[in-house]
Amino acid sequence: MKYLNKISSIICSAALGLLVLTGCEGADLYGVTAPDWISEKIDSIENANKGEEEVLEGMQEDVYTVGATDFSTGWWAQFSKYYVIPEGKKFHLQFNLNINPSASNTYKNFAMILTNDEDRGAADYKEYGAIRYDNQPSGNSEWGDLIDRSCVESTLTFSTDTDEGVDKLGGKVTLTVDRSDPSAFTVTMTNGVVTKTYKQKSALANLNADQSNTNMRIFLVPEGSYINFLAANVEPIGGYTSALDKNPVSMVLNNIPAKVDAGTSLEDAMAGVSATVTFEEGVVKEIPAAELYFSAINDMDVPGEKQLIVIYNKTFKGENSSVPVVATATFKVVPAIASIEVTAAPVQTEYVVYTSDKTASLGFPVNTTGLQVTATYVNGDQAVLGSNEIQIGTIKAQTGDQNVYIYSENGKRTSFSVNVTEVRTAIDVCPDPTIIGAEDNTSGWWSAHAQDINVPAGETRAWYFKNYGSGANNWNNWVAILRGAALNEYAVVRADNFGWGAGYDGNPDLITSGGQADWAAWNAAINGAQCALYVENYGNGFADITAVMKGTNGQSYLQYYKNIIVTADDLNVSFTVDSSHLVFE
């Protein structure tokens, strides 16, 4: 991170940097003389190797990056350009795939999405499916109604998504989509170490609304990785991006802290900040704090609102830019918290805790209704902290009294006591297919449903899934359905603690957990949240739903619907979507 006291100094530094650039000269090349027979042998081996590789014709530079270079990009967050592949064409794409050295999951690479000739989100947009680079027959390394997993072969196969070896997928990858054979369809992904193929012995169906249009498209989606694109033989929508250096034209700041403790250095306060910089030709790159210049107007030691100025003065290739880009933001410097305490206990202090093999890692959250936490600052002032200013621990799956700890942003701790009266173990279930709803969250209300799974009388079932919503509204997330075999609905309940149905409306015994204090923060955190849904069929005409959601903000959320009226020997559970999609595990 680069830190300024005066903005003018960076402008001068940039100008001086341009004057002192020097070249290298005087380097010598050394060689070793070899006998003719060795040279001939080397030439023979090189020629043999060249014969094994397909010559890629018509390749054009297409140089740009997709995915955060700190490996933080989540699924369906960033996309490559669209590449349109006509019928009869063999398409080639080359890129460097950068795998996180700390990646512990095999799916942290990229997936190729095959679609009709429409943009994501368009009314007529349809997907053939997806093929991910890793190969895991027991997982979801390929999906889609028109993808036949029996057509997949790979030189590297994983048994689970936590196997070692994802690093072998990195490096320069050549991706080929072959539509040249009218009676077949082939995809090849290879980096010279790992080769994965999809060989379908029939042509793809035409998913375009206009059947005279026989084009299809592909685009790439990274997850926990990033892609440096190099070249393609089909010009993408929006055109090629040249390898020539590019000046920055705009910048958007990410993760600016709302509050900073007084006395914190500007460098430490902005350590987690990054910038999304757009360069000429529309090329986008994520820039970490270490490569940005920061300046704050007004002393950091004095509480109050500060004007933050951030400067980036490098080209796409890291040279000094003639015209730096500047972005501004505001944040507050506040007195540091000296201590926190619970000044109002939550209304619920006794719990029945649910757990299962898959969901145990999520823990079990508390019901925060009524909870009030007050901070005492170093200057003696006091204030009630908002839910976004504290982290609350989860309840352990063990009976008896236990403390639940609360932490402030600067690590101060307090706690309150709860009593776990019972721990109930659920049986994990998973619907087939495992992905419900279009992965761009365009599936409308009630347009996609999960497989119905029965919950026998006297038993509990657990569903473990990730929730992805459009973010437009609270209800654009998961929806669970309790119903009978004849599709008679007992209850339809939403992620935002709202429901209806014959066993819900007018039910005098119904108990719900209530809404969130900050719906906007909840709705943002629930997009990408790991969720567990427990359904217990008591066998006496009532059923409970308990939902645990671990948000992307690190907060855990608890919601429940107790005493839904059901028919004990006829209870099934399904899920639907509303501008959302779910990925079950």
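The values are calculated or read from the model by the stated rules, or taken from the named source; none is laboratory data. None of these values were measured; they are calculated from a predicted model. Every residue, glycine among them, receives a Cβ derived from its backbone with ideal geometry; neighbour counts consider all protein chains shown. Surface accessibility is based on the protein's heavy atoms, side chains included, excluding ligands, DNA and RNA. Shrake-Rupley method; radii C 1.70, N 1.55, O 1.52, S 1.80 Å.
Some points to look at:
- Criterion: touching an Asp or Glu at 6+ places or on another chain (Cβ under 6 Å) and at pLDDT 95 or above - qualifying residue of THR195, THR186: THR186
- The numbered conditions (1) under 19 Å from ALA521 (Cβ atoms); (2) of a type outside the set (Asp, Glu); (3) in a loop (DSSP other than H, G, I, E, B) are all true for ASN379 except (1).
- Residue, nearest to TYR125 (Cα to Cα), within region 184-207, restricted to residues that are in contact (Cβ under 8 Å) with a residue 60 or more places away in the chain and within 29 Å of the chain's Cα centre (by Cα): LEU207
- Residue in region 184-230 that is surrounded by the most Cβ atoms within 10 Å (Cβ to Cβ), counting only those that are part of a strand (DSSP E or B) and among the charged types (D, E, K, R): LYS196
- Check on ALA525, surrounded by 19 or more Cβ atoms within 10 Å (Cβ to Cβ) and more than 19 Å from ARG483 (Cα to Cα): yes
- Taking the criterion of being within 23 Å of TYR560 (Cα to Cα) and either in a loop (DSSP other than H, G, I, E, B) or open to solvent by 60 Å² or more (accessible area, probe 1.4 Å) (or both), the residues of region 328-346 that qualify are ALA345, PRO346.
- Restricted to region 347-370, and to residues there that are assigned to a loop (DSSP other than H, G, I, E, B), of a type outside the set (Val, Ile, Thr) and closer than 18 Å to ALA462 by Cβ, the residue that is most open to solvent (accessible area, probe 1.4 Å) is ASP357.
- Within region 231-255, the residues that satisfy the criterion of being surrounded by 18 or more Cβ atoms within 10 Å (Cβ to Cβ) and either in a strand (DSSP E or B) or not hydroxyl-bearing (Ser, Thr, Tyr) (or both) are ALA231, ALA232, ASN233, VAL234, PRO236, LYS246, PRO248, MET251.
- Looking only at residues of region 434-456 that are open to solvent by 60 Å² or more (accessible area, probe 1.4 Å) and part of a loop (DSSP other than H, G, I, E, B), we find that the one that is nearest to GLY129 (Cα to Cα) is THR442.
- Residues that are in contact with a Gly (Cβ under 8 Å, 6 or more places away or on another chain) and over 26 Å from ALA438 (Cα atoms) are absent from region 497-506.
- Single residue of region 539-576 satisfying the filter (aromatic (Phe, Trp, Tyr) and more than 25 Å from the chain's Cα centre (by Cα)) that is surrounded by the most Cβ atoms within 10 Å (Cβ to Cβ): TYR561
- Test result for TYR133, open to solvent by less than 30 Å² (accessible area, probe 1.4 Å), touching a residue at least 60 places away in the same chain (Cβ under 8 Å) and in contact with a helix residue (DSSP H, G or I) (Cβ under 6 Å, 6 or more places away or on another chain): yes
Okay, residues lined up against (1) at pLDDT 95 or above; (2) among the acidic types (Asp, Glu):
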site: VAL326; (1), (2): yes, no
site: VAL334; (1), (2): no, no
site: TYR351; (1), (2): yes, no
site: ASP357; (1), (2): yes, yes
site: ASN367; (1), (2): no, no
site: GLN372; (1), (2): yes, no
site: ASN379; (1), (2): no, no
site: ALA383; (1), (2): no, no
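- In summary, GLU409 fulfils each of the numbered conditions (1) open to solvent by less than 70 Å² (accessible area, probe 1.4 Å); (2) at pLDDT below 95 with the single exception of condition (1).
- Apart from one condition, ALA123 fits all of (1) modelled with pLDDT of 95 or more; (2) over 25 Å from GLN60 (Cβ atoms); (3) open to solvent by 50 Å² or more (accessible area, probe 1.4 Å); the exception is (1).
- Extreme residue, farthest from PRO303 (Cα to Cα), among residues of region 371-387 that are of a type outside the set (A, V, I, L, M, F, W, C) and surrounded by fewer than 16 Cβ atoms within 10 Å (Cβ to Cβ): GLN372
- Candidate set: region 150-162, residues that are at pLDDT 95 or above and surrounded by 14 or more Cβ atoms within 10 Å (Cβ to Cβ); chosen: the one farthest from MET189 (Cα to Cα): PHE158
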